[in-house]
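K.L.:
The structure under discussion is supplied below as structure tokens; questions concerning it will follow.
The values are calculated or read from the model by the stated rules, or taken from the named source; none is laboratory data. Since we're looking at a predicted model, the values are computed, not measured. Note: ideal-geometry Cβ built from the backbone for every residue, glycine included; neighbour counts use all protein chains shown.
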Amino acid sequence: MPLRSLLATLCLTLASQGYAAEKVVVYNWAEYIPEGVLEAFTAETGIEVEYSTYDNNETMVAKLQLQGGKGYDVVVPSTYLVSRMRKEGLIQPIDKALLPHYKHLDPALLDKPYDPGNQYSVPYLWGSTAIGVDGSVVDANSIHSWADLWDPKWKGQLLLIDDVREVFHMAYKINGHSTNTQDPAEIEQAYTTLKRLMPNVRVFNADAPREPFLAGDVALGMLWSGEASMAQAENPNIVYVYPDEGAGFWIDNFVIPAGAEHVANAHKFIDFMLRPEVAKQAVEAIGYATPNLSARALLDASLRNDPIIFPPSEVVQAGEFQEDIGDAAMTLMNGYWEQLKSGQ
């Protein structure tokens, strides 16, 4: 009998005898874990994974707020949300003594302002947000700037990531401001700038933004680096352009909610994902950069040297990583965001 079937039979037997099966409840981005990894974790540890997904950060954090930090053992927020969730008491400290594979992580991607000392978070994947172009339809050499997307000739043709921080990033950089601004005047200016862009927008997408490109529904717009990498694997005409004003950068992190019921299992799951061979699979399957130095060394040179996945240092220096901007600025931005999407 296959090992997976044996485990299932064992769990059913234990349940019939009044024992609860060991489990870990994971809430992650859609399409954000390699196929077979969850099964491999269960086969090795006997811990079942209850797995569900979300499409954007705000959906995830709103659910945790509603549930008082309960319901999940591992979630995967982006950079700026870690500090916000910590301040709101939604996550608990990580015990790095339970993570023997933590040693593989790149020190350059640790100890960031959103979580000094990585007391509450462990980097999983990192990447960028820049411009996707279908070179068979649009001359990729003509696109070099976020500002290019405002050209009236793109009316009704653009794809935007359905994420408030990502979209406002474009306007901030065009206006010469930080993506982490908290200045109400700069936020309002970005809203005014984005209002002029809305006639060009065909679709918002945060589930799988590569799909409209691959389907031929759009030929220009925003893309995450991993989505661009996967799209290019299917259609070599897809080009990823780092804009002159600077791309957006982020790190997605494992955190443990404050109300997690299976904390020990959460640590086991996170450490499993930190294994170099597992982190290597994540890059190969999903197309985002790993912060795991040992995993990067295992990658084929074509991936290790791919500038979409691992951008040159000058591109990273020209861009900006997201940070927490505080409740007041975020509330103001979300208000403008709703107005933009409703056509106001």
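K.L.:
Kindly indicate whether any position in the stretch 81-91 is over 24 Å from Val167 (Cα atoms), without any contact (Cβ under 8 Å) to a residue 40 or more places away in the chain and not in a helix (DSSP H, G or I).
P.N.:
Among the residues of the stretch 81-91, at least one is over 24 Å from Val167 (Cα atoms), without any contact (Cβ under 8 Å) to a residue 40 or more places away in the chain and not in a helix (DSSP H, G or I), which makes the answer yes.
K.L.:
Does Pro199 meet the test of being surrounded by fewer than 15 Cβ atoms within 10 Å (Cβ to Cβ), out of contact with any Asp or Glu (no Cβ under 6 Å at 6 or more places or on another chain) and at pLDDT 95 or above? Give the steps one after another, and end with the answer.
P.N.:
Values: surrounded by fewer than 15 Cβ atoms within 10 Å (Cβ to Cβ): yes; out of contact with any Asp or Glu (no Cβ under 6 Å at 6 or more places or on another chain): yes; at pLDDT 95 or above: yes.
The answer is yes for Pro199.
K.L.:
In the stretch 205-242, which residue that is closer than 17 Å to Asn141 by Cα and of a type in the set (Val, Ile, Thr) is surrounded by the most Cβ atoms within 10 Å (Cβ to Cβ)?
P.N.:
Among those residues, the one meeting the criterion is Ile238.
K.L.:
Under 23 Å from Tyr54 (Cα atoms) and either polar (S, T, N, Q) or at pLDDT 95 or above (or both) - does that describe any residue in the stretch 132-147?
P.N.:
Applying the first criterion (under 23 Å from Tyr54 (Cα atoms)) to the stretch 132-147 yields 132.
Then keep just the ones that are either polar (S, T, N, Q) or at pLDDT 95 or above (or both); that gives 132.
Checking the stretch 132-147: at least one residue is under 23 Å from Tyr54 (Cα atoms) and either polar (S, T, N, Q) or at pLDDT 95 or above (or both).
K.L.:
Report, ordered by the first and then the second residue, all pairs with beta carbons closer than 7 Å, sequence separation of six or more or different chains, a first member in the stretch 102-121 that is assigned by TED's automatic domain parsing to the domain that holds Arg275, and a second member that is modelled with pLDDT of 95 or more and basic (Lys, Arg).
P.N.:
So the pair list comes out as Tyr102/Lys96.
K.L.:
Looking only at residues in the stretch 49-63 that are in a helix (DSSP H, G or I) and out of contact with any Phe, Trp or Tyr (no Cβ under 7 Å at 6 or more places or on another chain), which one is surrounded by the most Cβ atoms within 10 Å (Cβ to Cβ)? Before the answer, list the steps.
P.N.:
First, the residues of the stretch 49-63 that are in a helix (DSSP H, G or I): 57-63.
Pick out the ones that are also out of contact with any Phe, Trp or Tyr (no Cβ under 7 Å at 6 or more places or on another chain) and you get 57-59, 61-63.
Details: Asn57: 26, Glu58: 18, Thr59: 12, Val61: 18, Ala62: 12, Lys63: 15.
Among them, the one singled out is Asn57.
K.L.:
Then there's this: Report those helices (runs of 4 or more DSSP H) wholly inside the stretch 207-279 carrying at least 3 residues which are modelled with pLDDT under 95. Talk me through it step by step, then tell me what you get.
P.N.:
Numbers: elements: 210-214, 225-234, 263-273.
Hits in the stretch 207-279: 225-234.
K.L.:
Kindly indicate whether any position in the stretch 289-299 is crowded, with 21+ Cβ neighbours inside 10 Å, in a strand (DSSP E or B) and not assigned by TED's automatic domain parsing to the domain that holds Asp139.
P.N.:
Looking only at the stretch 289-299, we keep the residues that are crowded, with 21+ Cβ neighbours inside 10 Å, and these are 289-292, 295.
Next, from what is left, pick out any that are in a strand (DSSP E or B): 289, 292.
This time we only want the ones that are not assigned by TED's automatic domain parsing to the domain that holds Asp139, so: 289, 292.
Within the stretch 289-299, one or more residues are crowded, with 21+ Cβ neighbours inside 10 Å, in a strand (DSSP E or B) and not assigned by TED's automatic domain parsing to the domain that holds Asp139.
K.L.:
For the stretch 155-173, give me the residue count where each residue is surrounded by fewer than 21 Cβ atoms within 10 Å (Cβ to Cβ) and in contact with a helix residue (DSSP H, G or I) (Cβ under 6 Å, 6 or more places away or on another chain).
P.N.:
Adding up the residues that qualify gives 2.
K.L.:
Further question: Which residues, counting only those in the stretch 174-188, are surrounded by fewer than 18 Cβ atoms within 10 Å (Cβ to Cβ) and polar (S, T, N, Q)?
P.N.:
Asn175, Ser178, Gln182
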